[in-house]
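Worksheet for the structure shown next.
Since every read-out is calculated from the coordinates, none of them should be taken as a lab result. Everything quoted here is computed from the prediction, not taken from an experiment. Here the Cβ positions follow ideal geometry from the backbone for every residue, glycine too, while neighbour counts run over all protein chains shown.
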Amino acid sequence: MEEKRNLALADVIKQLHETHQRLIDYIQSVPGEQISGDTRWRRRLRLDTYSHYPIHTKAILAWRERAT
């Protein structure tokens, strides 16, 4: 957050989309046997993506409240 504090919102959103695209490209390159089933790779993906979101939810909601 501190690294991006002085960036324009448009730049932050651009970085978000670029990062998301890199993630999609990476997932598409992973062998199918790693994606199906309960593999170590899949558990790590879950931890680093959607399971990670709740950690930041409180901060995002507070920021949104201040912005309005």
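May I ask you to list, by number, the DSSP H helices of the chain whose Cα span along the axis is at least 15 Å and whose average Kyte-Doolittle hydropathy reaches -0.5 or more? Membrane-span-like by this criterion, though nothing is claimed about a membrane: 9-29, 53-67.
Could you pull out the trypsin sites (Lys or Arg not before Pro) across the chain that fall in loop regions by DSSP (anything but H, G, I, E, B) with no more than 15 other Cβ atoms inside 10 Å?
Values: sites: Lys4, Arg5, Lys14, Arg22, Arg40, Arg42, Arg43, Arg44, Arg46, Lys58, Arg64, Arg66; in loops: Arg5.
The qualifying sites are Arg5.
Which number do you get for Rg(Cα) / (2.2 N^0.38 Å) in the chain?
Details: Rg = 15.5 Å, N = 68, 2.2 N^0.38 = 10.9 Å.
Normalised Rg, Cα atoms only: 1.41.
Okay, helix-only estimate at 222 nm for the chain: each DSSP H run of n ≥ 4 adds -39500 (n - 2.57), divide by all residues, round to 500 deg cm²/dmol; what do you get?
Details: 4 runs with 49 residues, N = 68.
After summing the helix terms and dividing by residue count, I get -22500 deg cm²/dmol.
Estimated at 0.36 nm per residue, the fully extended path between Leu61 and Leu7 surpasses their Cα-Cα distance by 17.5 nm.
Please go through the chain and write out the chymotrypsin sites (Phe, Trp or Tyr not before Pro) that DSSP classes as loop and that have at most 14 other C-beta atoms within 10 Å. Spell out each step's value before the answer.
Values: sites: Tyr26, Trp41, Tyr50, Trp63; in loops: Tyr50.
Passing sites in the chain are Tyr50.
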